[in-house]
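Input: a single structure, listed below in C-alpha cells.
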Amino acid sequence: AQKVTQAQTEISVVEKEDVTLDCVYETRDTTYYLFWYKQPPSGELVFLIRRNSFDEQNEISGRYSWNFQKSTSSFNFTITASQVVDSAVYFCAAIGGSNYKLTFGKGTLLTVNP
Amino acid sequence: EAQVTQNPRYLITVTGKKLTVTCSQNMNHEYMSWYRQDPGLGLRQIYYSMNVEVTDKGDVPEGYKVSRKEKRNFPLILESPSPNQTSLYFCASSFMGEQYFGPGTRLTVT
C-alpha cells in the first residue's frame, strides 16, 4: 500500500512569487507511478504530470517544474512566477506495482493573490 | 476523444431515497473505480472493478453498491443515502497507469 503526505494544507502567495508544493510518498513497491493533479474552483481534476519510479529526471513544463528524488521519497512541484489562475487545490497521488488504485494526499490549497 | 462521463453532475436528494450515479468511458478500459472527495481528507476509493462482473471494495465502501455488467459502464448506487454521503464523487477509468477522471458529481443528501 502507498501513503502520500502533503504537509502543507494551505499556501498563500502574491502573484509572481515562486511557490513549491511538497509531496512525500511511502511505498514498498519497486515499480510505482507518481502524479500531480490540479483541482480549480470548478471542481474537475486536471492531470498535470505522471512520473514512473525508474525516471528520476526532473521535468519542466512552462512555469511548472517537478523534482523527483527517490533518496528522500519526494516529488515536489514548483510553480515559477505564480499567477492568479494557479489558485487551486493541488493533489499528489501514487500507484504502486500492478495495482491501479490511486492513493491521494490530502491536497494543498494554493491561493495566489494579485 | 478519450472521455469519462458522469451523470448527474449535481444532485440534491433526501435521506433514504435510492439514487444511482452513472459513469461511462469510451476507451475500452478494464479497470474502473469510484472515489469520493471530502474536505481535509483528499480522495478516497469507494469501489473498483477489474473487469466485467469483477468488483471489489475500496477504502470506504460502506453505504454504496456498484455493478459492472458492461465494460464501458460502472454505476454507483446509494440504496439509502444518508447526510454523511454528501460529497464530491469522481469516476475513473485506468490503463497501465494512465488515469482518466470524470468531471465529478456533487451530491447533497439532506
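The values are calculated or read from the model by the stated rules, or taken from the named source; none is laboratory data. None of the values given here were measured: they were computed from a predicted structure. Here Cβ is always computed from backbone atoms with ideal geometry, including for glycine, and neighbour counts include all displayed protein chains.
Just a few scattered comments:
- Count - residues of the stretch B:51-73 that are buried (at least 20 other Cβ atoms within 10 Å of the Cβ) and over 14 Å from B:Glu30 (Cβ atoms): 2
- Number of positions in the stretch B:93-110 that are in contact with a strand residue (DSSP E or B) (Cβ under 8 Å, 6 or more places away or on another chain), at pLDDT below 95 and surrounded by fewer than 20 Cβ atoms within 10 Å (Cβ to Cβ): 4
- Of the residues making up the stretch B:1-38, those that are part of a strand (DSSP E or B), surrounded by 17 or more Cβ atoms within 10 Å (Cβ to Cβ) and not aliphatic (A, V, I, L, M) number 10.
- Within the stretch A:97-109, the presence of at least one residue that is small (Gly, Ala, Ser), under 18 Å from B:Gly42 (Cα atoms), at pLDDT 90 or above and surrounded by 13 or more Cβ atoms within 10 Å (Cβ to Cβ) is confirmed.
- Taking residues in the stretch B:74-92 that are within 14 Å of chain A (Cβ to nearest Cβ) and crowded, with 16+ Cβ neighbours inside 10 Å, and partners anywhere that are of a type outside the set (Gly, Ala, Ser) and not in a strand (DSSP E or B), the pairs with Cβ atoms closer than 7 Å and at least 6 places apart or on different chains are B:Phe74/B:Arg68; B:Phe90/A:Leu45; B:Cys91/B:Phe74.
- Counting residues in the stretch A:91-107 that are more than 10 Å from chain B (Cβ to nearest Cβ) and in contact with a Gly (Cβ under 7 Å, 6 or more places away or on another chain) gives zero.
- Test: residue in the stretch A:69-81 that is surrounded by 19 or more Cβ atoms within 10 Å (Cβ to Cβ), at the interface with another protein chain (Cβ under 9 Å from one of its Cβ atoms) and either touching a Pro at 6+ places or on another chain (Cβ under 9 Å) or aromatic (Phe, Trp, Tyr) (or both): no
- Residues satisfying the stated conditions in the stretch B:39-55, i.e. more than 10 Å from chain A (Cβ to nearest Cβ), of a type outside the set (Ser, Thr, Tyr) and in a strand (DSSP E or B): B:Ile46, B:Asn51, B:Val54
- A count restricted to the stretch B:24-38 and to residues that are within 14 Å of another protein chain (Cβ to nearest Cβ) and either more than 17 Å from A:Ala94 (Cβ to Cβ) or over 10 Å from the mean Cα position of the chain (by Cα) (or both) stands at 10.
- Residue under evaluation A:Ala7, criteria (1) under 25 Å from B:Arg36 (Cα atoms); (2) touching a residue at least 60 places away in the same chain (Cβ under 8 Å); (3) among the small types (Gly, Ala, Ser), criterion not met: (2)
- Search result, residues across the stretch B:93-110 that are more than 7 Å from chain A (Cβ to nearest Cβ) and among the hydroxyl-bearing types (Ser, Thr, Tyr): B:Ser93, B:Tyr100, B:Thr105, B:Thr108, B:Thr110
- Complete set of residues in the stretch A:24-44 that are of a type outside the set (S, T, N, Q) and more than 21 Å from B:Tyr100 (Cα to Cα): A:Val24, A:Tyr25, A:Glu26, A:Arg28, A:Asp29
- For first residues located in the stretch A:45-57 and in contact (Cβ under 8 Å) with a residue 60 or more places away in the chain, partners that are assigned to a loop (DSSP other than H, G, I, E, B) and lie 6+ apart or on another chain with Cβ distances below 9 Å do not occur.
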